[in-house]
Structure formats: structure tokens, C-alpha cells
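Contents: one structure, followed by commentary.
The values are calculated or read from the model by the stated rules, or taken from the named source; none is laboratory data. Bear in mind that the values here come from a model prediction, so they are computed numbers and not experimental data. Using ideal geometry, Cβ is built from the backbone for each residue, glycine included, and neighbour counts are taken over all protein chains shown.
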């Protein structure tokens, strides 16, 4: 299974095309729309989210509510397009530090940073969220489920490291997607302080996927390792600057006896662990435990009190362009991260159990149960 996305931030739409999705999978378009709505929520979002109300339109690959094995094309309209269509805009020549404005304009020879910003914008992640929602519906046929929560915004953080999968549902009711009410209030206060200062703030989120079987990914080639693919998917989300699996960077501070998860066997339970510091992946292969990945998002580069920059045409010093933006998009990025993770899990699941139809996959799946 593979996919491509297309579309610009202020173009008429964003589009995703998914190839290799098996036939016979029931698809609920409203479930995709719910995931798109989750991506738009979150304390600290800007004016764009007051305009857009994302809805998926499936153009191909689904008939009678089921996939037919051909490429699935999904279109998500940009409602803000009507506010931009036909207008002549003065070129923007003051790139924002931390954005793709400068590097993208130099790479493609633009003299207007808007051209780089249109595609590098996080608006593209709406299409990726739709792909991840399709992946969720495939994986749910095999009991694989996910959740996500925010563990840090700025200096405000969840007090504990370990969170059990059932607890993640509470995050869906938090404005900052945090499972703890006290931490949620502290995170919102961080966002308020940044907003009052004309600044922005980043944070960290954690994705968990339960029900992943042993054996997804591979150690035989570097590019087939499951953790490497998950890291790539998360790092490709705009603003993400760090990824860790399981205990992650904390492992570097401890001895092996404090890091590795001992293995046990019971006739009724089979093989099991009492800890999951590996985050469900050993040697690039899923080991049957809950997949746990974290990603760190930097503050958004559009500041109302802009940083110093240099004009890409004249080289003259000046202030970065000020455009409409969020104060904090960590809760939204968390949803994108969850759906990006599910996309990779679905790809690797199909690599092991895949077939042309859901029925064929189910037959292979049952043989290993």
C-alpha cells in the first residue's frame, strides 16, 4: 500500500490517492470526517480553523460502501479558497525563520516565498489524515486500535511517564488532548502566555497502537525496520523535530538491566512482558506489545512579533512576514501523528498478511491465531 498527496494551502482542495488498498473493506466516510474534525480541534488554533470544515469526498475506489481494490482518491475542499481566488497578492520576500520559506524558495528559484509556503504548509496533512483514517478502518477489522495524547506543551507537562492504553480515551475530551485535568489547565496557561506575548509554543505527543501482532517490520534490511518507518512518517509532519520509541532517549541514561523488557511465558497467557520500555518494537520488528512512539513539535514559525530575517531578493535586513497562524498546534499534530502511525502499521500489516481482498487477508490472519 502506498499513497500520494497533492494540493496547496490556498488552492481549491487537497487530494490523496491510495494504491494497494485491498478490496472488500467497509468504508465509513463519516468516520473519516470525524478524524478530520479531530485534526482541526485544539486550544491555540488560529483563524484558518474557523473557516475550514473538512469533509472527505471519495472520488474512486469505493462502491456501495466497500473498497474494490482500485486506487482510492479522496478530495478535501479548501473553503478558504473562495477568499483567495482571483485576488492579486503582492509577493512576500521576507522568509520566516524556521519555515520552508527560505530553503524552499532558494531550491525552486522562487522570488516569492508564498509559492514555497503553499505546499509546505501543514494544510497538506489533512490529506494524510484521510489516508490514516482509511488505514484505521482496515486495521479495525483485525482488532488493532490506537490512541494519542499530549504529554507536554512548553514548560507544562504530564507528571508521569507511563500511561495505560485505556486512559487515552480521556484525551478526546481535553482542549489540549491531555488525559489529566490539572496538566491540561497548565498547558492552556502556557498557550495563553505565548499568545499574549505574540509568540508560539510547541510540545510533545504520544501515540499508542494496541493489538499489533508479532512480526511487522524486519531487521534484514535497514529500510524495512518498523521503528525507522515510523520515525520517518512522524518526522515528515511539519514542525516535528524529534521522535522516540518507547523509553527513547531515557534509555541512554540507564543500564541495560533497567531498560530491557524481560520475557515470560504462561500456558494460559502465552508469552508476555511486565514492562514495555521497548515501545513494542525490538530489532526493528513488532514484538506483540503496545506500540508507543513520541514526537516533539517545535513552536510554529509564524510569530505576531516577527523575528529578524533578510529579503530573498535584495538581501536587505527586515522583519519576517506575519501571516495568519496558530499559537499552538500540538493537539492537532498529535492526531496527524496518530493517523500517520496507523498508515505505517497498515502498510506493514499488509506486507505480512496482505492479499487482494479482505477475505483473503482474513484467511491468512486466522491461520496464525
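Within the range 240-260, restricting attention to residues that are surrounded by 19 or more Cβ atoms within 10 Å (Cβ to Cβ) and in contact with a strand residue (DSSP E or B) (Cβ under 8 Å, 6 or more places away or on another chain), which residue is farthest from residue 121 (Cα to Cα)? If we take residues in the range 240-260 being surrounded by 19 or more Cβ atoms within 10 Å (Cβ to Cβ) and in contact with a strand residue (DSSP E or B) (Cβ under 8 Å, 6 or more places away or on another chain), then 246 is farthest from residue 121 (Cα to Cα). Among the residues of the range 117-156, those that are outside any helix (DSSP H, G or I) and within 18 Å of residue 358 (Cβ to Cβ) comprise 141, 142, 143, 144, 145. Filter the range 218-232 down to the residues that are touching a residue at least 60 places away in the same chain (Cβ under 8 Å), touching a helix residue (DSSP H, G or I) at 6+ places or on another chain (Cβ under 8 Å) and surrounded by fewer than 24 Cβ atoms within 10 Å (Cβ to Cβ) and list them by number. Those that are touching a residue at least 60 places away in the same chain (Cβ under 8 Å), touching a helix residue (DSSP H, G or I) at 6+ places or on another chain (Cβ under 8 Å) and surrounded by fewer than 24 Cβ atoms within 10 Å (Cβ to Cβ): 218, 229.
Only one of the listed residues (157, 196, 189) is in contact with a helix residue (DSSP H, G or I) (Cβ under 8 Å, 6 or more places away or on another chain) and either under 24 Å from residue 235 (Cβ atoms) or surrounded by fewer than 17 Cβ atoms within 10 Å (Cβ to Cβ) (or both). That residue is 157. Please enumerate the residues belonging to the range 349-369 that are at pLDDT 95 or above and within 28 Å of the chain's Cα centre (by Cα). If the condition is that a residue be at pLDDT 95 or above and within 28 Å of the chain's Cα centre (by Cα), then 349, 350, 351, 352, 353, 356, 357, 358, 361, 362 are the ones that fit.
The set of residues in the range 299-310 that are in a loop (DSSP other than H, G, I, E, B) and either free of Cβ contacts under 8 Å to residues at least 40 places away in the same chain or surrounded by fewer than 16 Cβ atoms within 10 Å (Cβ to Cβ) (or both) comprises 304, 305, 307.
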